[in-house]
Every structure is written in structure tokens, then in C-alpha cells.
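Note sheet for the following structure.
The values are calculated or read from the model by the stated rules, or taken from the named source; none is laboratory data. Quick caveat: nothing in here was measured; it's all calculated off a predicted structure. FYI the Cβ positions are ideal-geometry reconstructions off the backbone, even for glycines, and counts take in every protein chain you see.
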Amino acid sequence: MSASRLNFRLDAQAAGSRARAATFQTLHNEVVTPLFMPVGTQATVKAQLTRTLEEAGSQIVLANTYHLLLRPGPEVFRQLGGIHRFMSWDRSVLTDSGGFQIFSLPHSRSMSEAGAVFQSYLDGKTILLSPELSIETQKTMNSDIMMALDRCIASTADEATAREAMAMTHRWAARSLAARGDSAQSLFAIVQGALLSELRRESAARLTEMPFDGFAIGGLAVGEGKSEREDVCEFTAGLLPNDKPRYLMGVGTPLDILEAVHRGVDMFDCIIPTQVAQRGAVFTSRGYLQMKRGVYKFAEEQLDAECECPTCTRYSRAYLHHLAKSGETLGWQLLGKHNLYFYHQLMREIRESILAGEFLELYHRKREFLHESDLDNPTRLPKPPRKRALRLRNYEVHIAREGFASMRHIASGEIMHSRTEPMEEARRLYVEQSNLAERVRDRTMEKLVVWDVGLGAAANAMAAIRCYEEQAKTAPTRPMRLVSFENDLDSLQLAF
């Protein structure tokens with residue numbers, strides 16, 4: 001195995017577990033693991049100041065090549081001296097390659113050996129995102145850790161599809177290494193293979209033959225269940241070298257992270273801490289709380305008695321409840337700040353327990369409450385409503401761990417909107433990226449026609465309608481016509 005640019009050092013291995021504590025050195029700081037990386041897609045963690053990230057204990061922030069390639073563009077990073085100076089952040093940055101964003105836009109791109117061709121959601125310009133362009137953009141940003149471009153597919157894909165995507169990922173990985181050249185930046189490869197053990201074994205074997213500085217487990221949290229994800233994570237982590245970092249991409253809740261550490265993973269990223277905060281939710285030592293609940297209206301106590309973050313030491317639950325109910329941005333910021341502190345404190349406790357030889361004790365203790373809702377104010381369930389059908393012919397309702405419902409196609413196993421609440425995902429991936437709000441306000445054009453080819457449970461269609469209604473309240477709009485070519489309305493009937 002070739003030497004790593006990160007000078008990775010294994011500090012301790014937990015007894016009776018694959019959990020491990022390690023240290024490595026990037027271009028900007030020493031990093032200790034296990035660690036959580038807040039997601040700063042657009043070179044900012046949603047609603048949070050850079051100073052907050054420093055004070056909370058963030059060691060690495062994740063940024064996304066796909067979005068930053070489109071705006072502000074490589075020329076800005078080139079002129080301003082890289083992403084660290086641009087966002088005033090003197091610790092490490094890991095840049096994702098853009099592979100997942102390509103996967104998220106299946107109807108707006110085409111794939112070939114050369115790369116992914118897509119249209120910019122900003123100006124409609126056609127762009128070929130190749131392994132070389134991805135790496136060149138990441139080099140221009142001067143991130144500490146770059147990711148090789150991969151071809152991400154649904155984890156529930158069939159073997160033929162998964163094998164084709166895996167093979168392309170391997171070829172793109174080799175091209176990414178060549179494009180990295182003699183840059184001092186580290187480069188991670190991404191192991192693919194869906195839920196198929198043999199493909200995961202092949203992918204890990206092929207990629208670990210190449211001189212990468214670390215390895216990521218990709219293609220999870222995109223349709224599979226919790227137990228399937230944990231099994232694939234444990235199997236794949238065991239195939240990766242002991243002397244380099246292991247990174248599980250896009251995962252997850254505090255409990256998900258604890259389980260993955262137990263299975264041998266070192267690094268994590270996820271939008272959950274700030275995403276759920278926007279909806280008024282927080283992780284605490286007393287469970288997962290929804291601050292919009294009326295039970296907090298007169299609550300004078302601090303958010304979490306065991307937390308010393310600025311939110312908990314200064315503000316009452318009553319005030320945070322008021323901000324969440326009112327939809328104030330400050331509420332999102334304060335709750336997000338607490339969640340980031342909670343995540344980083346959990347990682348510190350995990351590391352300390354590994355170094356002290358007490359991880360299994362902590363694992364079993366934390367596991368008992370990390371899945372709990374409010375322990376002090378348990379939700380009193382109302383009288384059970386009339387039972388609704390949960391299955392109709394080839395569709396069934398799927399309830400995510402986070403509590404939201406989406407549709408599952410029984411024959412293929414595909415879960416529509418599996419990672420995020422459907423309306424929120426539709427807003428982010430379709431309404432915002434298509435600039436729908438601007439288009440409906442442009443009255444110089446004729447009627448706007450929106451094609452929703454696969455109507456499904458109508459989350460995307462409803463998000464478009466809501467966007468139109470919101471714009472119509474504040475400004476003149478042009479007519480909008482929504483057209484669907486769907487011929488199977490079972491999922492729509494099941495949803496309503």
C-alpha cells in the first residue's frame with residue numbers, strides 16, 4: 001500500500017468492536033477521528049457563521065464541486081486564492097466530486113464514458129462534468145481532500161446496472177488520479193457496488209490497488225433500509241486498508257453514525273443537523289425534540305441541561321419554541337448551532353471512549369437513547385384515525401426513520417424521496433434548481449409549461465404549485481400549465 005499524503009496514524013482500536021481512533025494531517029490542520037463534517041454545499045453551512053463551526057469543533061467542512069463549479073465558478077477561486085480564503089475558514093475542506101448531484105438529476109443529464117452532460121440550473125448552459133474537470137475544479141479550490149468522480153446509482157439497483165456503474169467508477173477513478181498529478185491535495189476513491197457483496201468486494205479490491213489517500217463508501221442512503229445499510233457498511237469497511245481513512249458518505253443521524261463507527265468507519269458528513277433545525281427539531285441528551293410542540297410554549301428551562309453551547313446557555317425552550325413556530329431565521333440558526341455542537345460532542349465522547357478502552361460500554365448506553373423522542377414530554381398519541389390503505393397493487397407507503405412518508409415501488413424496491421421529506425426534496429432538487437420562481441415572474445414569455453413525466457405521488461408537482469402560489473401573492477406572474485404523462489395513478493391515490 002502506497003504512502004498517504006495524510007500521514008494517517010491509528011491511535012487505538014476498540015476491543016470487541018471495529019471502532020477505531022486515528023489522527024491524520026491535512027494541508028491546514030491535524031484531524032482526529034472519528035469525526036463529523038458539516039455540509040457547506042455552497043461554501044457555507046446553512047444559517048451558520050464560520051466562527052460557530054470553529055467554536056463547535058468542526059475540523060473539516062464539506063463543499064460541493066458541482067454547485068461551486070456553476071457559481072461562483074473556478075475563476076473566482078483562482079483569483080481569490082482558493083476556498084479557504086474565500087469563505088474565511090482556516091481548517092480543512094473536503095470537496096465532493098459532484099457524483100451524487102448528477103445522480104439526483106436523472107432527467108436532466110446524460111452519462112457517457114467521457115462524463116456527465118447536464119444543463120446548468122442557473123443559465124441553461126450545457127456542461128460536461130468529466131473526471132478531469134471535477135479534479136481541476138477541486139484543485140483550483142485547493143481543498144485539502146478531493147473526491148474522485150463516481151457514478152452513483154440507487155443502492156437497490158440490479159446487478160447488471162450496478163456492475164456497469166461500478167466499472168465506470170473505477171475507470172473514472174484512474175482518470176482522477178492522473179488528473180491530480182503532483183498536487184499536494186489528498187484524493188479519496190469511492191467504493192460502489194450497490195447492495196451486492198461480490199461487487200463491493202471487487203470494487204474495494206480494484207480501488208485499493210491504486211495510490212489513493214483514503215477511501216469512501218458510496219452508494220448508500222439512496223434507497224436501502226437501515227439494516228441493509230449497516231450490513232453493507234460493515235462488510236465494505238472490512239475490505240479497506242487499516243492505514244488509511246474510511247469515509248461513509250451522506251450518513252446520517254447520531255445513531256447511524258454510532259453504528260457505523262462500531263463497524264469501522266472514521267469520517268461522516270450529512271445535512272441533517274441544519275436541515276432538521278430548519279424544521280424546528282433538535283437532538284438532545286433527553287431525546288429528539290420538535291420545538292414547535294405546544295408543550296414548550298411556557299418552558300423556561302434551557303434546551304439541553306447537559307449542553308454548553310451558546311443556544312443552551314442563553315435561551316429558554318419557550319423562546320426557541322416561539323422562533324420555530326414563527327418561522328424566524330434566528331430559530332433555524334440557534335437550533336442548527338446546537339445540533340452541530342451535539343454532533344461534535346458525540347464524536348469527542350466516542351473517540352475518548354475508544355482511547356480509554358470503554359467504547360462498547362458507551363456504544364450500548366448511547367444506543368438506548370439516541371433513537372428516543374422527547375423523554376420528558378412524550379407525545380400523547382390521539383385516538384387512532386380511520387385506517388388507511390398502506391399498499392395498493394404495486395406501491396406501498398414507506399415510513400422513514402425521521403418520520404416522513406414516501407412511496408416505495410414494490411417490484412423494483414425503489415423508494416421515491418428516500419433521504420429527505422418529499423416536499424422539501426422536491427423544493428431543493430427541482431423547484432430551486434430549475435429557477436421556477438424567476439420563470440413564473442418573467443411575464444415577457446408566454447405560458448410556462450412544466451412537464452412532470454412521472455407524476456408518482458405528486459410531490460414535485462405540488463412543490464411547483466406551491467412555488468407558483470407563493471410568487472402570485474407578491475408579484476404578477478405568467479400562466480403556468482402542469483402536464484403529466486403518467487399512466488399509473490396508484491401511488492397518487494395511495495398518497496391521498
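Any residue at all in segment 135-145 that's closer than 23 Å to PRO422 by Cα, in contact (Cβ under 8 Å) with a residue 60 or more places away in the chain, part of a loop (DSSP other than H, G, I, E, B) and within 19 Å of the chain's Cα centre (by Cα)? Outline the logic, then answer.
In the first step, residues of segment 135-145 are kept if they are closer than 23 Å to PRO422 by Cα; the result is none.
No, segment 135-145 contains no residue that is closer than 23 Å to PRO422 by Cα, in contact (Cβ under 8 Å) with a residue 60 or more places away in the chain, part of a loop (DSSP other than H, G, I, E, B) and within 19 Å of the chain's Cα centre (by Cα).
Does ARG229 satisfy the condition of being assigned to a helix (DSSP H, G or I) and surrounded by fewer than 16 Cβ atoms within 10 Å (Cβ to Cβ)? Walk me through how you get there before you give the answer.
On the way: assigned to a helix (DSSP H, G or I): yes; surrounded by fewer than 16 Cβ atoms within 10 Å (Cβ to Cβ): no.
When the stated conditions are applied, ARG229 does not pass them.
Have a look at ALA260, ALA194, ALA216 and point out the one that is closer than 18 Å to MET147 by Cα and among the aliphatic types (A, V, I, L, M).
ALA216
In this structure, is ILE135 aliphatic (A, V, I, L, M), within 18 Å of PHE77 (Cβ to Cβ) and crowded, with 17+ Cβ neighbours inside 10 Å?
Numbers: aliphatic (A, V, I, L, M): yes; within 18 Å of PHE77 (Cβ to Cβ): yes; crowded, with 17+ Cβ neighbours inside 10 Å: yes.
In short, yes.
If PHE212 satisfies every condition in (1) in contact (Cβ under 8 Å) with a residue 60 or more places away in the chain; (2) over 19 Å from the mean Cα position of the chain (by Cα); (3) surrounded by fewer than 24 Cβ atoms within 10 Å (Cβ to Cβ) but one, which is the exception?
In the conditions (1) in contact (Cβ under 8 Å) with a residue 60 or more places away in the chain; (2) over 19 Å from the mean Cα position of the chain (by Cα); (3) surrounded by fewer than 24 Cβ atoms within 10 Å (Cβ to Cβ), PHE212 misses (3) alone.
Within segment 271-303, take every residue that is part of a helix (DSSP H, G or I) and touching a Gly at 6+ places or on another chain (Cβ under 9 Å) and give me the one that is surrounded by the most Cβ atoms within 10 Å (Cβ to Cβ).
Residues of segment 271-303 that are part of a helix (DSSP H, G or I), as a first pass: 272-278, 294-296.
Next cut, touching a Gly at 6+ places or on another chain (Cβ under 9 Å) only: 272-278.
On the way: ILE272: 23, PRO273: 29, THR274: 22, GLN275: 21, VAL276: 20, ALA277: 27, GLN278: 19.
The residue in question is PRO273.
Quick grid of which residues meet (1) of a type in the set (A, V, I, L, M, F, W, C); (2) touching a Lys or Arg at 6+ places or on another chain (Cβ under 8 Å):
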site	(1), (2)
THR236	no, yes
ARG246	no, no
VAL251	yes, yes
GLY264	no, yes
PHE283	yes, no
GLU300	no, yes
TYR315	no, no
LEU335	yes, no
LEU340	yes, no
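Identify the single condition in (1) more than 22 Å from the chain's Cα centre (by Cα); (2) within 20 Å of SER17 (Cβ to Cβ); (3) surrounded by fewer than 22 Cβ atoms within 10 Å (Cβ to Cβ); (4) touching a residue at least 40 places away in the same chain (Cβ under 8 Å) that ARG365 does not satisfy, given that it satisfies every other one.
The one condition ARG365 does not meet is (4).
Would you check if THR311 is among the β-branched types (Val, Ile, Thr) and touching a Leu at 6+ places or on another chain (Cβ under 7 Å)?
On the way: among the β-branched types (Val, Ile, Thr): yes; touching a Leu at 6+ places or on another chain (Cβ under 7 Å): yes.
Against the criterion (among the β-branched types (Val, Ile, Thr) and touching a Leu at 6+ places or on another chain (Cβ under 7 Å)), THR311 qualifies.
From (1) touching an Asp or Glu at 6+ places or on another chain (Cβ under 8 Å); (2) within 29 Å of SER130 (Cα to Cα), pick out the condition that doesn't hold for LEU80.
Every condition holds for LEU80 apart from (1).
Here's a check for you: in segment 115-134, which residue that is part of a strand (DSSP E or B) and without any contact (Cβ under 8 Å) to a residue 60 or more places away in the chain is farthest from GLY181 (Cα to Cα)? Working first, answer last.
First, the residues of segment 115-134 that are part of a strand (DSSP E or B): 115-119, 126-129.
Checking which are without any contact (Cβ under 8 Å) to a residue 60 or more places away in the chain leaves us with 115-119, 126-128.
Numbers: GLY115: 19, ALA116: 22, VAL117: 24, PHE118: 26, GLN119: 29, THR126: 27, ILE127: 23, LEU128: 21 Å.
That would be GLN119.
Test of understanding: among GLU358, GLU349, which residue is farther than 17 Å from ALA47 by Cα and in contact (Cβ under 8 Å) with a residue 12 or more places away in the chain?
Working: GLU358 fails: in contact (Cβ under 8 Å) with a residue 12 or more places away in the chain.
Unique residue meeting the criteria: GLU349.
Scanning segment 376-397 for residues that are at pLDDT below 70 and not in a loop (DSSP other than H, G, I, E, B), which turns out surrounded by the most Cβ atoms within 10 Å (Cβ to Cβ)?
TYR395
Which of (1) under 20 Å from ILE350 (Cβ atoms); (2) surrounded by fewer than 21 Cβ atoms within 10 Å (Cβ to Cβ); (3) in contact with a Leu (Cβ under 7 Å, 6 or more places away or on another chain) is the odd one out, the single condition ALA184 does not satisfy?
Here ALA184 clears every test but (1).
Given the residues ARG163, ARG171, which is the only one that is surrounded by fewer than 23 Cβ atoms within 10 Å (Cβ to Cβ) and in contact (Cβ under 8 Å) with a residue 40 or more places away in the chain?
Working: ARG163 fails: in contact (Cβ under 8 Å) with a residue 40 or more places away in the chain.
Unique residue meeting the criteria: ARG171.
May I ask you to list pairs of residues, at least six apart or on different chains, whose Cβ atoms are under 6 Å apart, with the first in segment 217-240 being over 18 Å from GLU202 (Cα atoms) and the second being of a type in the set (D, E, K, R) and at pLDDT 95 or above?
Hits for this filter: GLU230/GLU259.
Name the pairs: first residue in segment 243-262 and within 17 Å of GLN275 (Cα to Cα) and assigned by TED's automatic domain parsing to the domain that holds PRO38, second residue acidic (Asp, Glu) and surrounded by fewer than 24 Cβ atoms within 10 Å (Cβ to Cβ), Cβ to Cβ under 7 Å, at least 6 apart or on different chains?
MET249/ASP269; GLY250/ASP269
What is the one condition in (1) closer than 30 Å to TYR363 by Cβ; (2) within 17 Å of the chain's Cα centre (by Cα) that LEU195 does not satisfy?
For LEU195, the failing item is (2).
Do we find that SER97 is small (Gly, Ala, Ser) and in contact with a strand residue (DSSP E or B) (Cβ under 8 Å, 6 or more places away or on another chain) in this structure?
Values: small (Gly, Ala, Ser): yes; in contact with a strand residue (DSSP E or B) (Cβ under 8 Å, 6 or more places away or on another chain): yes.
So SER97 passes the test.
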